[in-house]
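Worksheet: the structure to be examined is printed underneath.
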Amino acid sequence: MQRYMQIRPFVLLTLLSAVFAFAPATDPEGPRFDEKDTAAMIKASYIYNFAKLVDWPDENKRGNFIIGVMGGSSMYQQLVTKYNGKTIGSQPIEIRKISNTQNFTTCHVLFVDNEFSTAIDEVVKHTNGTSTLLVSHQNGALSKGVAINFVVVDDNLKFELSVPNAERNNLFVGSTLKSLALHVEN
Amino acid sequence: MKWLQNILKSAVAIAVVLFSVAEAKAQPAATIEAYQAYQQKDYSRAASLIDAVVISEEGKEDAMSWHIRGFVYKDLFNEEKNDAERDAHREKAIASYKRSMELDAAQAYKENNLKSLRYLASSYYNDAVLVMRELNPRTIDRSEELYAAYKDLQRAVDPSFNFAERDVTYYKALATSNRKIYEQDRSNLKDFLFRALDNYKVVLEIDPENYGANYNTAINLYNEGAFGIEQIDADAQIPTIVKVQAESVELFREALPYMLKAHELNPERRETLIALRGIYLSLNNNEEANKYRELLKDTQQTNK
């Protein structure tokens, strides 16, 4: 005889205590803002290329190739990090931080960042006729005597070039650099 | 010892009451046997017994038998370590509870069936989170599959359930996991950054005013643009500089509206002001960057 047992709806104590615990899927670790001075990085890369694509007189091709920076420490640091130890021709690159009281005619390239824009006239006066490639980031800089000036076009950094200003400082600008400039003054 | 015997008798009486039905209902003997094996935690045997019951003429239409089968496979699922076996047990448990509900005209087991199904739905969600946290690029897709399974079952149990809040929480967390996977190898796992951005888009479709999704989207885009510029080789020529800069500027531009939205949602938040200053500097817009620099100074003054 088949035995049957009457079983009530299956009441399990475990169910009564079954809390539908959801493991927290929160987002406490969102991305950290990794702020970088990208403008300084771009300018540094450009400046190295300017140094490679411009020709200096023979008497300036001895010793270290000096790149001077009148600007924030970020710009200086970018150049040091990337280019200290590299060469222009046979000349090891040396990066120098230049204050506006120092003798900057010893530089092969002197970059004057926009925060020193009020000093540009003084710098042009002191580097006129020397073999210093003057690079700046200031509106109207070419008309003040600067050879290469950074400009912003559609949020991008580009550069404009003055051949006469470069030649006044005994520098020869190669055709490659001219072809890559946004604007060339001849 | 008489007092102990009395206590034991009461316990038996309580157990009989607990397991007695309001209406008379005959169960297959094998169901009883399966239940006893279940109580003894011999789940494998319980499974064999109950599996035979639910395919028999006697048991295939019995809501109680399917109900017990649900519990047997639920506990097998809880004990199983192998992922594939776990999934199989869980699916059988779900199918059993559902079948029990279909056959349960008197709705005697409805409440417990639903509770069990909700529990199993939560197990899908928890598994989705665990997989997500493994940060494994080969298995991360499984997290979304599990999350979808959670939603399907939850919807079946509670058709009116609103998933908006849960979706926002889940997809923000998934975005973080995808981003972290990307950061394991930025050269070869870039697809995971795009997945993270897509995850935030899902959040913003549900909640366009979500501060975290707006802020994090902007940060991810900015960081990627900055990383691209940072990676410019020292010997890169001008055409390369121009190309990389252009690509990064596009990313900064894409980041900007999200960060502006985050700022609009929470104007006092310093992290947003810092980020806006940074984004504008990277867009070579010193005028706007200075505006946020001044706002930052103002917040510093306010906090003094």
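The values are calculated or read from the model by the stated rules, or taken from the named source; none is laboratory data. Remember, it's a predicted structure, so these values are computed and weren't measured experimentally. Here the Cβ is made from the backbone with ideal geometry for all residues, glycine too, and neighbour counts use every protein chain on show. SASA here: full protein model, heavy atoms, side chains in, ligands and nucleic acids out. Shrake-Rupley method; radii C 1.70, N 1.55, O 1.52, S 1.80 Å.
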With all protein chains present and a 1.4 Å probe, the order of B:W66, A:W56 from largest accessible area down is B:W66, A:W56
I'd like to check one number: the per residue accessible area of the protein assembly as shown, probe 1.4 Å, reported in Å² as a whole number.
49 Å²
Most to least accessible of B:T272, A:T105, A:T118 (protein chains only, probe 1.4 Å):
A:T118, A:T105, B:T272
What shape does chain B take by its C-alpha gyration tensor, where a ≥ b ≥ c are the square roots of the eigenvalues and a/c under 1.5 counts as rounded, a/b above b/c as prolate, and the rest as oblate?
prolate
Heavy-atom accessible area of B:K92 with all protein chains present, probe 1.4 Å, nearest 10 Å²?
80 Å²
Among the GluC sites (Glu not before Pro) within the stretch B:120-173, which fall in a DSSP loop and have no more than 15 other Cβ atoms within 10 Å of their own Cβ?
B:E134
Please state the shape class of the protein assembly as shown: rounded when a/c is under 1.5, otherwise prolate if a/b exceeds b/c and oblate if not, all from the C-alpha gyration tensor.
prolate
Relative contact order for the stretch A:38-185: what is it in percent, counting Cα pairs under 8 Å that are at least 6 residues apart?
22 percent
Keeping every protein chain in place, order A:K144, A:K86 by accessible area at 1.4 Å, biggest value first, i.e. largest first.
A:K144, A:K86
If ligands, DNA and RNA are left out, what is the accessible area of A:K125 with a 1.4 Å probe, given in Å² to the nearest 10?
140 Å²
Cleavage-rule hits (chymotrypsin sites (Phe, Trp or Tyr not before Pro)) in the stretch B:92-174: DSSP loop, at most 15 neighbouring Cβ within 10 angstrom
B:F161, B:F163
Inter-chain Cβ neighbour average for residues A:173-180, partner chain, 10 Å:
1
By the Cα gyration tensor axes a ≥ b ≥ c (a/c under 1.5 gives rounded; else a/b larger than b/c gives prolate, otherwise oblate), the shape of the stretch A:60-186 is rounded
Kindly provide the helix-only [θ] at 222 nm of chain B, computed as the sum of -39,500 (n - 2.57) over DSSP H runs of four or more divided by all residues, to the nearest 500 deg cm²/dmol?
-26500 deg cm²/dmol
Per-residue mean of C-beta atoms belonging to partner chains within 10 Å, peptide B:273-284
4
For peptide B:240-247, compute the average count of partner chain beta-carbon atoms within 10 Å of each residue's beta-carbon.
4
Given the whole protein assembly as supplied and a 1.4 Å probe, what does the accessible area of A:R168 come to in Å², nearest 10?
110 Å²
